[in-house]
Amino acid sequence: MDDSMKTEMFADLNTSNNESVIDFTDNLTKLKMRKSQFNLSVSLTPGELSAIFDTTTAQPKSNSEIRLHNQFLEVLHTYQISSPLQILEILQYFIDVCMDTLSILKDQHQNVDWLEHELNTWRLLLTLFQVQHLEPEEIHNIISDRDLSDALFQEDQKLKGIQRIVDWLEHCSAESIENEFMKNAKIFSDEEIAWPNTLGQLLKKELIYQSSGTMVTQLDPDAPSRQSRSIHDLDQVDDDRLLQQVFVEIRCGRLEKAQLLCCQYGQFWRSAIMEGWRLYHDPFYRPKEEQSSSDEVLGNPNRDIWKSCAWKISSDPKNSPYWRATIGILCGNIDAVLPVCNRWEDILWAHLHTIVNVTIENHIQTNKTNNFIRLPEKYWEYKMTMNDIITELKSNAKLSVRQEAHKPKRQIQQHFMTNQYRELVNNMVDWAANSESDPQFLRFLAHLILVIRWAGIQHDEQAANSIIQKYIEVLIPMHDPVLVAYYTSQLERTSQVTIYSKFLEKMILPEQRSSGLKAGEDVKLPVEEITKRIVETYRNRFNYTASSTDLFSEITNDDNELISALDWIIYYPSQVEEAFIQINATVRNFIAQGKIQAARLAFNKIQKETMTRLVNNANIDVEKLMKLDMLPISGNTQSHVLEYFAYKCYLDAEEGFAEWFHEYHQTKPIEPVKPLVNTEYSKKLIYEHNMEQYQTALKNWKQNVSSSSQIVVEQLFNLLYFPGGWLVDQKNEDLSRREYFELLRTICIPKIFILLHTILHSAERYTECIKLAGYITDETYKFYQLFTQASLKKLLAKIAESSVCLMESSDQQLDPWGF
């Protein structure tokens, strides 16, 4: 179809200028669509997209190729889809981005087959969506064949879509050959007349080469057929090449160029034959007020006669296959076209062109009363649909065509042509799984899914989300939170939390975490659920085992990661209560393992400001609250605060004991060594001086130890007699949390009694050591229930030692209980 006809047929989508505007107004939207460098024709080489699953040597990724991820995201960030027409603009921007990148990659001599395919597919989608979403113009005063054709295209959206696919295929072919040597028409002949060697031999000129066969005796166009003779051998070679190029121009949708090519080499009759297919239009039948000075009569008023003759030409086996194909595509004789079509796109073009030809002819003859020349029955027998054509391509006799039809690049296009979106999405899931994580192919698939979704097309949402997730997997190693956040936001809420938390949890630096959360906020991800999930993931990642063997177990890298992860849960003030829950849970895990230092680091994540936000009451004195001077706090808040202070009490006690233990065993002054009897007098003086210093230091040490002992003892007793009981929460409805509390009580309470005995015994406070047995058996607190038989036996043995020491050290006669 020539350029002028296409311009007239699709006047509602004028794409001739680099910048054009489409006005479309409804009750909600007036959209100004930018059509920068818009052109339906793009390059589509025979081996296009073979690099999607290419096994050849991989080329290094250029910066331009990698930037495609961000450039596509910038397009999506620009628009909030509120009308179908905005999809058209997004597709146009996708095209612009691909075109710019394609130009750069070509300059860098990179493999661009994959990008040419993608660009080509985006343009196909834009063409098809334009047909669906743009309002057709009404045709009034139908007076000619061309008016009937225009009206049919406006009424029949399906036929209009097929014609747009034909145009798309023609433009693809045009760009694919634009740089080939066949563009130079002078290769067809040395002279610009028809059959110069035949003419020379007939005129008995001296030729370098005489024809080998029986040559025509006349030079009219019908002479070879009429006389059953051939033209000169050299002319035949040139003729074959010329006609092949003429068909190529027709295949590219450049009818006028094909005609010009024939005229350039003296074959004007071929140009005239190709002119006969045009639809007749006489504007002077319109009312005078609708006429203009530029109007002219166009087309062939006897097109039915021309089509009947053209059918005979295209069916004549004596003619060149390419000439038969050229005339066959214009008159609708597909049997004459298919023999020269060896590629998927060529066969599809031939079939779709024939559908349009037959449909228009049927419409004209149905709506006009003229006495038309009867066309061959075979012309009217063509009834193939789009689905039939796709099926034929997949089972074509040519192996290369069958293979091409089953490649992902073609299946995507085929599914869009046939509106089989559910099957397309299901196939895309398989391709995404088998694409060996090709980032660009996954990007392409993911954006296809978004376009399908925004267009309101029914499809399998679960399958679509799996494709987007696959794309996110290749984005995560790029460490770009803006990219990951946006595409995560396109998933359902559960997947959003799972995927984005997995992405954020690897961030360590504060600025990284801040930017990650900011990116999530910008696309309305549930960031509070995500931060909670991060902490829970770290908590559940390690298999904690309760242990009470070491007072201060070493902090591991895993512990440091968990402690660092707690910063996520205190990022948002609104999550203060959840922060208490997560940090309390982390502290109890560390305590169960005996990792007091790790527990303290986790505990310190809650600051005074956090406590103030939690109680959320200006009348509550947080300072008093921190001293366990409990004021009324109701509900779950009280439970969290009590647990928090229970851990504070335990950590203070453990750390106080550690300091006392260090002071008692490591800071005690060392007594000077007493010199021998016969030692020099000067050394004895030095010894006496050192002894005086030692006695002073020992006295001070005992005072300090006694003071610190008393403080630690008070801390330990504060824990034992914690208000309401240490880690006793009567309002705790969480069964697993209650069980963990009981576990910690069985670990920590016996240990506290051991620590108390150690300090009291070391301070020679034997009577108080013996009283510990009474505390254990007190029915009010029932501490004995928390002891195992072994731990109780061990403690009672130590108390027995204290009892012996009491009897030995006392001047009074005391029994083992200190009486």
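Tabulated results
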{"read-out": "Contact order normalised by residue count of region 181-384, Cα under 8 Å, 6+ apart, percent", "value": "14 percent"}
{"read-out": "Candidate lysines - alpha carbon under 19 Å from K683, same-chain residues fewer than 8 apart omitted", "value": "K674"}
{"read-out": "Region 151-169-region 652-692 distance, computed between alpha-carbon centres (Å)", "value": "104 Å"}
{"read-out": "Nearest-0.05 FRET efficiency for I143 and V728, computed from C-beta distance (R0 56 Å)", "value": "0.05"}
{"read-out": "Note, ³J(HN,Hα) from phi for region 307-316, Karplus 6.51, -1.76, 1.60, rounded to Hz, x at Gly and Pro", "value": "5, 5, 5, 4, 4, 5, 4, 6, 9, 7"}
{"read-out": "Theoretical FRET efficiency, 1/(1+(r/R0)^6), r = Cβ-Cβ of T612 and T418, R0 60 Å, to 0.05", "value": "0.40"}
{"read-out": "Span from the region 570-607 Cα centroid across to the region 721-774 one, whole angstrom", "value": "21 Å"}
{"read-out": "Neighbour-count order for S308, S400, fewest beta carbons within 10 angstrom listed first", "value": "S400, S308"}
{"read-out": "Residues T354, T127, T488, T667 arranged by fewest to most Cβ contacts within 10 Å", "value": "T667, T127, T354, T488"}
{"read-out": "Gyration tensor verdict on region 181-384 (Cα atoms; rounded if a/c is under 1.5, prolate if a/b is larger than b/c, oblate otherwise)", "value": "prolate"}
{"read-out": "Stretch gain in nm, segment L698-D558, where the contour uses 0.36 nm per residue and the Cα spacing is subtracted", "value": "46.1 nm"}
{"read-out": "Three semi-axes of the equivalent ellipsoid, region 673-743, Cα gyration tensor, whole Å, largest first", "value": "57, 13, 6"}
{"read-out": "Surrounding net charge for Q218, when Lys and Arg each add one and Asp and Glu each subtract one, Cβ distance under 10 Å", "value": "0"}
{"read-out": "Between region 335-359 and region 195-242, the alpha-carbon center distance in angstrom", "value": "32 Å"}
{"read-out": "Potential extension, I81-Q666 segment - 0.36 nm per residue separation minus Cα distance", "value": "203.4 nm"}
{"read-out": "Eligible aspartates and glutamates near K398 by straight Cα distance, threshold 14 Å, same-chain separation 8 or greater", "value": "E345, D346"}
{"read-out": "Least to most buried among L698, L159 (fewest other Cβ within 10 Å first)", "value": "L698, L159"}
{"read-out": "Among the listed pairs K106/K160; K158/K288; K470/K518, those beyond 31 Å (Cα-Cα)", "value": "K106/K160; K158/K288"}
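Read-outs throughout are calculated quantities, based only on the coordinates presented, and are distinct from any laboratory measurement. Only a predicted model underlies this, so the values are computations on that prediction, with no experimental measurement involved. Virtual Cβ from ideal backbone geometry, glycine too; neighbours counted across all protein chains shown.
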